[in-house]
Every structure is written in structure tokens, then in C-alpha cells.
Amino acid sequence: MAAKSNIEWTGASWTPIRARNLRTGKVGWHCEHATTGCEFCYAEDLNKWVGTGFAFKPGHRKDIEIFLDDEMLLAPLRWKKSRKIFVCSMTDLFADFVEDDWLHKIVAIMGACEDRGLGHTFQVLTKRPARMLQWMRQHGSKAWNGGRIGPEAWPARNLWAGVSCERQQEADERIPLLLQTPAAVRFISAEPLLGPIDLHKMPFTSGDPRHHFDALTGQALLYGEGINGNPDMTIRMEKPTFAKLDWVIVGGESGPHARPFHLTWAESLIDQCETAGVACFVKQLGACAISDGYPMHYADRKGGDWDEWPDALRVRQFPEAEPTRVTDGSVTQPASPSHDPDKTRHES
């Protein structure tokens, strides 16, 4: 889908990976559920309504042809006004049914847009960070720079990489992989947010359960029983050691089956970001917002009307793109501060 987007944190959606119903010929999209956050997928509902007619299930691969839409692929080159572009909003760019050659062509278009000075920013959001990390390390630079006439550059300053994190479990699994991925901006979408998330204590792959890092500052941590005989003591490195998150998007679930979204979960993420100087963007409160144990009722069924929100949740900030380079498997040069909280806290 190449069209103006109603998603508040982006400007346009662009999904050149399409699917065709082999029986009816109807063209839509295909994806497959990854975790519980996919359970009530808006893209799946739209595909059943106006697309192929199928749910996003692996069993439907036999019923469809998945293909790269060449006309859709070139759409960003025709958009003369610069915009933020949500890449593959109707599917997952790094799903296993997406061919490497398609990925190469899609990233090459991003490089071509940079070469032409179009000013687009491409926002890639995935639930499959392992493949994103592997592909971006092995092929990203070649794909982005391959057709350009300008000087080689990597990471691409117009490429933002993100992962969906609906609970602590997904955050722990996906954020460490994201922070090893070369990108101008690394972000998470905690939407639908289905539980509290602590971004200050991410598991580190050392094998020692005491080893953690702070995803908002890049600082390595030692935490837990046995540190200097003090079970509550945390040892924090003075200087950032790892890459960090540049942006956190928060939102509640919409639709008739929306699951609870406790406002305290969102408030915690806002506070974590503000303390660390990381941009935060509250998208919507969803259809089942909970405050002090009671459901909140809004005129807007998605809880998307800013004027109906508590003041503490009226936060819509954007990051500044400052590329950080992966120097080995995980350690990077830390980015500079991503925003001025006083300047952007109530930017709409």
C-alpha cells in the first residue's frame, strides 16, 4: 500500500510486497502471526475485507502468490515532498517468505531516494529482528549503496530500524538484536502494550544472569545478589558501552477485542524515556484503557483524541537521526542525545 497514512508517527505507508489470491485473482497482502501482539491485527482484518480474503496464516501460502509489485516498489521515487515512510505496514519486511532479492531491491530504492535528495525517511518495523540483523549486516550496505552515484555511506541516515515489543518477554528477546543492527535510528513500538516494560534492565548475552544493560543509555550493568556482598547493588558503567534506543512508541489496542491497556504502563515508559533523554511518542490509548483499576471512556473509540488524555500522557516526540556504527557483534559508538525534552514534550 503506497498511500498517505493515518498512523500518527509516520507520513505514508509503502508495502511493495503483495499477494494474489490464486482462485479469485484478488490482490492484497500476506503475513503470519509471530506473537500475541498479532492476535487482532488491523492489517489482517483489512486483507480479509479488501485484499486476498485470507487470514494471515502459514497454511494460506498454498492459496496465494506472494510477489514484489514493481510499480509499488518505485512509488517513493515519485513522491517529491519529503515524508516519513512506514515500510511494509501491511506485512513484515523480514518474514521468511520475503525473498532476499526483494529485500535488496527495496533497500536499493531507499538509497536511490537519498541520491536524489528526496528527503524521505524509511521506518522499518519488524517482529523478526534476528533476520533483520543478519541481513542488514551481510547485505544492507551493498544494497543501499549499490545503485547510488553519491559517496558510499553506511548506516544509511534515512533508514530507521524498529521492533514491536508488546510485553517484557518480547522486549527482552528483540531489543538486544535490534541494538546490534546498523541504522540511523533504532526504535521500538510498544503497541499494543500488553504489560509493563522495563527498558533499563535488558538481558545481556554473556550467559551470566547478573549481566544486563540499559537499553535507553547503552550502559552495561551488573545486578543482583553477590555483588560486593550487597544483593540490591547495581554497578553501572560510567560511559555507554552499547547502542541505545532512540525512540519509543507507546499505544493501546483498538478494536472490539481490545485487551487492557493500563495507563501506568505508559506512564512508566514515558518516565523512563524522559530520565534518559530518549524521545517518546504516545500514539493512542486504545479501546480498553484502564486508570486506577477502572475502564476509561472516550468519545474516540481508539482513544486517539489527544484532548481526552491525561496531561501526563500528552507526549509526542520524534528522534534526531544520528547514525551509530556496529564495531563488532554488539558494541557501537553511542549516538548523541536524540532530543531536547523541554522543546518537544507536547509537540503534536
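Looking at 83, 61, just one residue is farther than 29 Å from residue 317 by Cα and either loosely packed, with under 15 Cβ neighbours inside 10 Å or in contact with a strand residue (DSSP E or B) (Cβ under 8 Å, 6 or more places away or on another chain) (or both), and that residue is 61.
When the range 137-165 is filtered for residues that are open to solvent by less than 10 Å² (accessible area, probe 1.4 Å) and among the aliphatic types (A, V, I, L, M), the ones remaining, listed by number, are 143, 156, 159, 161, 163. You will find that of 217, 205, the residue that is of a type in the set (Ser, Thr, Tyr), open to solvent by less than 40 Å² (accessible area, probe 1.4 Å) and either at pLDDT below 95 or part of a loop (DSSP other than H, G, I, E, B) (or both) is 217 and no other.
Would the range 96-108 turn up any residue that is touching an Asp or Glu at 6+ places or on another chain (Cβ under 8 Å) and open to solvent by less than 50 Å² (accessible area, probe 1.4 Å)?
Scanning the range 96-108, I find at least one residue that is touching an Asp or Glu at 6+ places or on another chain (Cβ under 8 Å) and open to solvent by less than 50 Å² (accessible area, probe 1.4 Å), so the answer is yes.
Output the residues belonging to the range 178-202 that are hydrophobic (A, V, I, L, M, F, W, C), under 30 Å from residue 118 (Cα atoms) and not in a loop (DSSP other than H, G, I, E, B). 178, 183, 185, 187, 188, 190, listed by residue number.
Criterion first (among the aliphatic types (A, V, I, L, M) and modelled with pLDDT under 75) does residue 237 satisfy it?
Details: among the aliphatic types (A, V, I, L, M): yes; modelled with pLDDT under 75: yes.
In short, yes.
Among the residues of the range 118-136, which ones are touching a Pro at 6+ places or on another chain (Cβ under 8 Å) and either at pLDDT below 95 or assigned to a loop (DSSP other than H, G, I, E, B) (or both)? Correct list: 118, 120.
Could you go through the range 60-74 and let me know if any residue there is of a type in the set (Asp, Glu) and part of a loop (DSSP other than H, G, I, E, B). Yes: one or more hits.
Would you pick out the residues in the range 118-136 that are polar (S, T, N, Q), open to solvent by 10 Å² or more (accessible area, probe 1.4 Å) and touching a residue at least 60 places away in the same chain (Cβ under 8 Å)? Show your work before the answer.
Keep residues of the range 118-136 that are polar (S, T, N, Q), which gives 121, 123, 126, 134.
Pick out the ones that are also open to solvent by 10 Å² or more (accessible area, probe 1.4 Å) and you get 121, 134.
If the condition is that a residue be polar (S, T, N, Q), open to solvent by 10 Å² or more (accessible area, probe 1.4 Å) and touching a residue at least 60 places away in the same chain (Cβ under 8 Å), then 121 is the only one that fits.
The residues of the range 99-136 that are out of contact with any Ser or Thr (no Cβ under 8 Å at 6 or more places or on another chain) and among the small types (Gly, Ala, Ser), listed by number, are 108, 111, 112, 117, 130. Among the residues making up the range 49-58, those that are exposed (fewer than 14 other Cβ atoms within 10 Å of the Cβ) and not aromatic (Phe, Trp, Tyr) are 50, 57, 58. Is at least one residue of the range 275-298 at pLDDT 95 or above, closer than 16 Å to residue 37 by Cα, among the β-branched types (Val, Ile, Thr) and surrounded by 15 or more Cβ atoms within 10 Å (Cβ to Cβ)? Checked the range 275-298: no residue is at pLDDT 95 or above, closer than 16 Å to residue 37 by Cα, among the β-branched types (Val, Ile, Thr) and surrounded by 15 or more Cβ atoms within 10 Å (Cβ to Cβ).
Going through 54, 40 one at a time, which residue ends up being over 23 Å from residue 162 (Cα atoms) and aromatic (Phe, Trp, Tyr)? Talk me through it step by step, then tell me what you get.
On the way: 40 fails: over 23 Å from residue 162 (Cα atoms).
Matching residue, one of 54, 40: 54.
Could you list, in sequence order, the residues of the range 23-37 that are assigned to a helix (DSSP H, G or I) and open to solvent by 20 Å² or more (accessible area, probe 1.4 Å)? First the steps, then the outcome.
The first filter runs over the range 23-37 and keeps only residues assigned to a helix (DSSP H, G or I), leaving 36-37.
36 - this is the single residue of the range 23-37 that is assigned to a helix (DSSP H, G or I) and open to solvent by 20 Å² or more (accessible area, probe 1.4 Å).
The values are calculated or read from the model by the stated rules, or taken from the named source; none is laboratory data. On a predicted model such as this, the values are computed, not experimentally measured, just so you know. Here Cβ is always computed from backbone atoms with ideal geometry, including for glycine, and neighbour counts include all displayed protein chains. We work out accessible area using only protein heavy atoms, side chains counted, and drop any ligands, DNA or RNA first. Shrake-Rupley method; radii C 1.70, N 1.55, O 1.52, S 1.80 Å.
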